[in-house]
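Asker: Next up is a structure, given as structure tokens.
The values are calculated or read from the model by the stated rules, or taken from the named source; none is laboratory data. Being a predicted model, the structure only gives us computed values, none of them experimental. Ideal geometry is used to build each Cβ from the backbone, glycine not excepted, and the neighbour counts take in all protein chains shown.
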Protein chains: 2
Amino acid sequence: MTQNTPDLDALLRPKSIAVVGASANPDSPGHDYVKCLIDFGFKGDVYPVHRREPEILGLKAYPSLSAVPGDVEFVISCIPSDGILEMIDEAAEKGVGAIQLFTGRFSETGREEGAELEREVLRRAREGNVSLIGPNCMGLHDPGWGMSFRPDLPRRTGGVAFISQSGNNTTEVLIHSDVRGIGYRMALSYGNALDVTEAHLLEYLGGVNEVGVIGAYIEGVRDGRHFLKALTSAAAAKPVVIFKGGRTGAGARSAVSHTAALAGSSEVWGGALRQAGAIGVRSQDELIDLLVAFELFAKPAATPGRNVGAVGGGGGRAVQAADACTEEGLSVPPLTDGIRAQLKERAPQLWDWIGNPVDQSILAGGGVSGAAVLEMMLADPAFDLLIANVGEDWVLGRPDSGERLLHLVKRFADIGKQSKKPIAFVLGPADSPDEERWRAVEGARTHLVDAGLAVFPTVERAAWTLRHYVEHWESRA
Amino acid sequence: MTQNTPDLDALLRPKSIAVVGASANPDSPGHDYVKCLIDFGFKGDVYPVHRREPEILGLKAYPSLSAVPGDVEFVISCIPSDGILEMIDEAAEKGVGAIQLFTGRFSETGREEGAELEREVLRRAREGNVSLIGPNCMGLHDPGWGMSFRPDLPRRTGGVAFISQSGNNTTEVLIHSDVRGIGYRMALSYGNALDVTEAHLLEYLGGVNEVGVIGAYIEGVRDGRHFLKALTSAAAAKPVVIFKGGRTGAGARSAVSHTAALAGSSEVWGGALRQAGAIGVRSQDELIDLLVAFELFAKPAATPGRNVGAVGGGGGRAVQAADACTEEGLSVPPLTDGIRAQLKERAPQLWDWIGNPVDQSILAGGGVSGAAVLEMMLADPAFDLLIANVGEDWVLGRPDSGERLLHLVKRFADIGKQSKKPIAFVLGPADSPDEERWRAVEGARTHLVDAGLAVFPTVERAAWTLRHYVEHWESRA
């Protein structure tokens, strides 16, 4: 079997799509793929394929691929694995460029017949000059191209690309990064990586200009050398964040039954990522935090320094911010003479008591707000990185709390929009079954997110992110 | 100045309270303290004290402490620091047992006049035989006794005690642990710890039977020897979780301006906590996670083992659960022959593919659910600790998603309620401005929480918590 480098631009942005195994049952993927093409506004031709149904979701359906009148560039396959070989032959006959196999139950079952079928699938596809994505995957989410795999997934477009061997994890990352303001150029759940691998995808994404940062959840690679080469080239072009699944013995065993991946040892992976210039993370939260940083912080003109200025929240939060930053290897210097002089003028009762981080709770009535000090830090070259704690739990205890919170957040957002320095805002999520609280906190978070600002749920995660952000640019210097 | 061990039971559960500096302005603490006593249903006498107002929040107000007709056991002081000495003398005269000084701007300002005033406050209080809580603190939250410092704080009572040098942090911990099902015997923001210190409080709480676990946020201690003795004795009686603020140079500097605390080095603290048998944490999230574990997991009859069984979520989540547990030093063994035999009977198409963790996404239509495997793990002595991933992001993509999620969670809750083994449920928070999603996720979480079950937001935090839970009981063995 020879392998050609697939033409991914054509494969991932097809002009015509057939959904084989399309279904009118709303509790099936064969329904969701068709509905997504409609709901997300896919502009090309869509052909549902179903043995008997004449129409699915208002679209004319066809009994087989060969019965489709026009060209079919891309096939989404939701049929069971026992019909898969016939379908591939038919697709090859029809001149299909690529098939995404949602269809699973191949090598990941651990059974020889599954592995054998998978080998035959690949053989036939190569023979027919058809590229494969999957098997055992949800496929493509590209809202800008009108494609997704679940009708309720976010519509936000942007500069992030995410590839993942796990469909559930792709869904989770999309949902939980959308609320942080992350829009996608594409996300792809690619499953067992039988044909098109993470290496092809990384090579491709490294060259797509609109992609500013790449995230990947990888359980195992088919060809270590190809992967390293592709990763190195992608990471030279833009930040690449790798969430490796199967770092441990039990994790690797689990990965085999998930995507038949050979996970490889944690040490080898750590070394390889460093060598390639990629960033390794250990959880979805870490992955999303770094996508937020690389997508939403302005790309620095020069290597950013490590001096943090922090404002907002009470005294406990100020202490926690200082501890978290310092433990991440960042520096939290005292306020500069320049800022102290400004404070002396504006808050003569308080100026010598205010430090960095700024304890918001001592400022009341003193003539200066946390936001005002944030502005001073923004203008002062002694501070490279900023943290703005919204401190919503305190605000929400006061009268007119919702308005008060929004007022505070608007002031922060106005400052944030002007900033060329990274500012990590700390707020939410609402974390509450109380409706009023939920509305207030999510409303405030949405205001920051809509302003294009980076919001983190805790000061510790903000500090962790700033550290990795700085380390990345240091490693490029 | 001699110091007596204060009679904390009397001080912390007073029968009569005067709020000096009570106010009708809803944007003031002098309002909130009075309103809390009304709203939380304090059963004793409440006396608002205000120079001019005849009535505050419907209660008769008095122009001074000495004008109050009945006994006053406890005073909450919200007046500015310039009236504080006179008030203490008056309280002593009146036979008051203790004063909580919300009043701040003492030594934490870093100014000599503040430190001098603080010393004089202590001198007068000792002279008058009045105990002090604070200054610079929010004071007591004890919903079972009808006391709190903010009208919107949770009403849930339970076996947790929390003491904190930070008022904001106390509020944050109360709010974010309430949604996890944590109820409080008491929480106390004790500020600068001028008189009653963390050591007195730990001694006291160690002996309160209803308190099952103690949490503390401490920036510095006044008397290291006393603290260690008290901590050791409390930790011998029940789990004590210490969140130390000011672990770093910058954090310590910030702590001085917050509570005038001398923070002490991180190394000394780490050693002291270990020696005393307490558990050190580095964030509010870690603190709350351990309060959840020690309050909601059944107290183990014997030292729990480290073998984890995990179910739920897709294949990616299964891999992540295995990695997270293993990296925390827990073990994720394969399914036992006993469970495999049961699976072979119930899911003949799947049984040999199912592993531990259980990938929920392969089970559909196979005759066995994740919950069923959870039950098998519960009954199998090979598993000591369990993780149940709800996987709401997947469920919410299906039709009737809200009902489906609730159905799944109810099944989990029924199993959880019977369990003597710790089960960490992984779900939420909703993390979304979408109302339908918020209702579904928070409804599901509330169902688990109301069943008394331990819910964690990520599988990594569940694994971290199980590890520290086990390590604690191992250290007691």
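Asker: Restricting to the range A:311-324, give me the number of residues that are more than 7 Å from every other protein chain (Cβ to nearest Cβ) and closer than 25 Å to residue B:216 by Cβ.
Answerer: As a first pass, look at the range A:311-324 and keep what is more than 7 Å from every other protein chain (Cβ to nearest Cβ): A:311-312, A:321, A:324.
Next, from what is left, pick out any that are closer than 25 Å to residue B:216 by Cβ: A:312, A:321, A:324.
Number of matching residues: 3.
Asker: Next up: Taking helices (runs of 4 or more DSSP H) that do not extend beyond the range A:340-444, which have at least 2 residues that are closer than 25 Å to residue A:464 by Cα, in contact with a helix residue (DSSP H, G or I) (Cβ under 6 Å, 6 or more places away or on another chain) and within 13 Å of chain B (Cβ to nearest Cβ)?
Answerer: Details: elements: A:370-379, A:392-395, A:401-418.
Answer list for the range A:340-444: A:392-395.
Asker: When the range B:438-472 is examined, which residues are found to be basic (Lys, Arg) and within 15 Å of residue B:421 (Cα to Cα)? Steps first, please.
Answerer: Quick first cut of the range B:438-472, residues basic (Lys, Arg) only: B:439, B:445, B:461, B:467.
Result: B:467, single match.
Asker: Out of curiosity, is residue A:308 more than 12 Å from chain B (Cβ to nearest Cβ), within 29 Å of residue A:470 (Cβ to Cβ), surrounded by 22 or more Cβ atoms within 10 Å (Cβ to Cβ) and aliphatic (A, V, I, L, M)?
Answerer: Working: more than 12 Å from chain B (Cβ to nearest Cβ): no; within 29 Å of residue A:470 (Cβ to Cβ): yes; surrounded by 22 or more Cβ atoms within 10 Å (Cβ to Cβ): yes; aliphatic (A, V, I, L, M): yes.
Criteria not met by residue A:308.
Asker: Which condition from (1) surrounded by fewer than 16 Cβ atoms within 10 Å (Cβ to Cβ); (2) within 13 Å of chain B (Cβ to nearest Cβ) is the one that residue A:337 breaks?
Answerer: Single failed check for residue A:337: (2).
Asker: For the range B:143-168: of the residues being in contact (Cβ under 8 Å) with a residue 60 or more places away in the chain, more than 14 Å from chain A (Cβ to nearest Cβ) and farther than 16 Å from residue B:102 by Cβ, which is surrounded by the fewest Cβ atoms within 10 Å (Cβ to Cβ)?
Answerer: In this case the residue turns out to be B:146.
Asker: Another question, then. Please give the number of the condition residue B:224 fails out of (1) small (Gly, Ala, Ser); (2) at pLDDT 95 or above; (3) more than 22 Å from residue A:317 (Cα to Cα).
Answerer: Only one criterion is unmet by residue B:224, namely (2).
Asker: Please tell me if residue B:76 is under 20 Å from residue B:192 (Cα atoms), under 26 Å from the mean Cα position of the chain (by Cα), at pLDDT 95 or above and not in a helix (DSSP H, G or I). Outline the logic, then answer.
Answerer: On the way: under 20 Å from residue B:192 (Cα atoms): yes; under 26 Å from the mean Cα position of the chain (by Cα): yes; at pLDDT 95 or above: yes; not in a helix (DSSP H, G or I): yes.
Here the answer is yes, as residue B:76 does meet what is asked.
Asker: I'd like to check something: does the range A:139-147 contain any residue that is touching a Ser or Thr at 6+ places or on another chain (Cβ under 7 Å) and among the hydrophobic types (A, V, I, L, M, F, W, C)? Can you show your working first?
Answerer: Step one: list which residues in the range A:139-147 are touching a Ser or Thr at 6+ places or on another chain (Cβ under 7 Å), which gives A:139, A:141, A:143-144.
Now restrict to residues that are among the hydrophobic types (A, V, I, L, M, F, W, C): none.
The answer is no, given that none of the residues of the range A:139-147 is touching a Ser or Thr at 6+ places or on another chain (Cβ under 7 Å) and among the hydrophobic types (A, V, I, L, M, F, W, C).
Asker: Based on this model, can you work out whether residue B:444 counts as buried (at least 23 other Cβ atoms within 10 Å of the Cβ) and closer than 24 Å to residue B:158 by Cβ? Give the derivation first.
Answerer: On the way: buried (at least 23 other Cβ atoms within 10 Å of the Cβ): yes; closer than 24 Å to residue B:158 by Cβ: yes.
Considered against the rule, which asks whether it is buried (at least 23 other Cβ atoms within 10 Å of the Cβ) and closer than 24 Å to residue B:158 by Cβ, residue B:444 comes out as yes.
Asker: Please work out if residue A:22 is of a type in the set (A, V, I, L, M, F, W, C), part of a loop (DSSP other than H, G, I, E, B) and either outside the structural domain of residue A:126 (by TED's automatic domain parsing) or at pLDDT 95 or above (or both). Show your work before the answer.
Answerer: Numbers: of a type in the set (A, V, I, L, M, F, W, C): yes; part of a loop (DSSP other than H, G, I, E, B): yes; either outside the structural domain of residue A:126 (by TED's automatic domain parsing) or at pLDDT 95 or above (or both): yes.
Judged against the criteria, residue A:22 is a match.
Asker: Let me ask something else about it. Which ones in the range A:355-412 are at positive phi and either among the small types (Gly, Ala, Ser) or touching a Ser or Thr at 6+ places or on another chain (Cβ under 7 Å) (or both)?
Answerer: Within the range A:355-412, the subset at positive phi is A:365, A:367, A:391, A:400.
Answer for the range A:355-412, where residues must be at positive phi and either among the small types (Gly, Ala, Ser) or touching a Ser or Thr at 6+ places or on another chain (Cβ under 7 Å) (or both): A:365, A:367, A:391.
Asker: Taking the residues in the range A:145-196 that are in a strand (DSSP E or B) and in contact with a Cys (Cβ under 9 Å, 6 or more places away or on another chain) as candidates, determine which candidate is farthest from residue B:316 (Cα to Cα).
Answerer: A:147
Asker: Tell me which residues, restricted to the range B:450-462, are over 18 Å from residue B:299 (Cα atoms) and in contact (Cβ under 8 Å) with a residue 60 or more places away in the chain.
Answerer: Passing the criteria: B:450, B:456, B:459, B:460, B:461.
Asker: Pick out the one residue from B:301, B:276, B:250 that is touching an Asp or Glu at 6+ places or on another chain (Cβ under 9 Å) and either within 30 Å of residue A:308 (Cα to Cα) or not β-branched (Val, Ile, Thr) (or both).
Answerer: On the way: B:301 fails: touching an Asp or Glu at 6+ places or on another chain (Cβ under 9 Å); B:276 fails: touching an Asp or Glu at 6+ places or on another chain (Cβ under 9 Å).
Answer to the selection: B:250.
Asker: Next question, about the same structure. Is it true that some residue in the range A:97-116 is of a type in the set (D, E, K, R), in contact with a helix residue (DSSP H, G or I) (Cβ under 9 Å, 6 or more places away or on another chain) and crowded, with 18+ Cβ neighbours inside 10 Å?
Answerer: Checking the range A:97-116: at least one residue is of a type in the set (D, E, K, R), in contact with a helix residue (DSSP H, G or I) (Cβ under 9 Å, 6 or more places away or on another chain) and crowded, with 18+ Cβ neighbours inside 10 Å.
Asker: Also, quick follow-up: Which residue is surrounded by the fewest Cβ atoms within 10 Å (Cβ to Cβ), if the candidates are limited to the range A:22-43 and must be out of contact with any Pro (no Cβ under 6 Å at 6 or more places or on another chain) and free of Cβ contacts under 8 Å to residues at least 60 places away in the same chain?
Answerer: This residue is A:25.
Asker: Can you name the condition, by its number, that residue A:108 falls short on among (1) within 14 Å of chain B (Cβ to nearest Cβ); (2) in contact with a Leu (Cβ under 6 Å, 6 or more places away or on another chain); (3) charged (D, E, K, R)?
Answerer: Evaluating residue A:108 over (1) within 14 Å of chain B (Cβ to nearest Cβ); (2) in contact with a Leu (Cβ under 6 Å, 6 or more places away or on another chain); (3) charged (D, E, K, R) leaves (2) as the failure.
Asker: If you go through the range B:172-192 one residue at a time, do you hit one that is more than 22 Å from the chain's Cα centre (by Cα) and closer than 28 Å to residue B:81 by Cα?
Answerer: Keep residues of the range B:172-192 that are more than 22 Å from the chain's Cα centre (by Cα), which gives none.
Within the range B:172-192, none of the residues are more than 22 Å from the chain's Cα centre (by Cα) and closer than 28 Å to residue B:81 by Cα.
Asker: Of A:423, A:354, A:387, which residue is more than 28 Å from the chain's Cα centre (by Cα), crowded, with 19+ Cβ neighbours inside 10 Å and among the β-branched types (Val, Ile, Thr)?
Answerer: Working: A:423 fails: more than 28 Å from the chain's Cα centre (by Cα); A:387 fails: more than 28 Å from the chain's Cα centre (by Cα).
So the residue among A:423, A:354, A:387 that is more than 28 Å from the chain's Cα centre (by Cα), crowded, with 19+ Cβ neighbours inside 10 Å and among the β-branched types (Val, Ile, Thr) is A:354.
Asker: Find all pairs meeting these conditions: Cβ atoms under 8 angstrom apart; at least six residues apart or on different chains; first residue within the range B:425-446 and in contact (Cβ under 8 Å) with a residue 60 or more places away in the chain; second residue among the basic types (Lys, Arg).
Answerer: From residues that are in contact (Cβ under 8 Å) with a residue 60 or more places away in the chain, the pairs are B:429/B:445.
Asker: While we're on this one: Contact list please: Cβ distance under 8 Å, first residue in the range A:79-94 and within 16 Å of residue A:119 (Cβ to Cβ), second residue small (Gly, Ala, Ser) and not in a helix (DSSP H, G or I), pairs at least six apart or on different chains.
Answerer: A:81/A:104; A:84/A:77; A:88/A:128; A:89/A:128
Asker: Identify, please: which residue in the range A:293-318 is in contact (Cβ under 8 Å) with a residue 12 or more places away in the chain, in a helix (DSSP H, G or I) and over 26 Å from residue A:450 (Cα atoms) and is, among those, farthest from the chain's Cα centre (by Cα)?
Answerer: A:315
Asker: Same structure again: Is it the case that residue B:98 is touching an Asp or Glu at 6+ places or on another chain (Cβ under 8 Å) and either assigned by TED's automatic domain parsing to the domain that holds residue B:119 or of a type outside the set (A, V, I, L, M) (or both)?
Answerer: On the way: touching an Asp or Glu at 6+ places or on another chain (Cβ under 8 Å): yes; either assigned by TED's automatic domain parsing to the domain that holds residue B:119 or of a type outside the set (A, V, I, L, M) (or both): yes.
Yes.
Asker: Hey, another quick one. With (1) of a type outside the set (Val, Ile, Thr); (2) buried (at least 24 other Cβ atoms within 10 Å of the Cβ); (3) closer than 30 Å to residue A:439 by Cβ as the list, and residue A:183 as the residue in question, which single condition is left unmet?
Answerer: (2)
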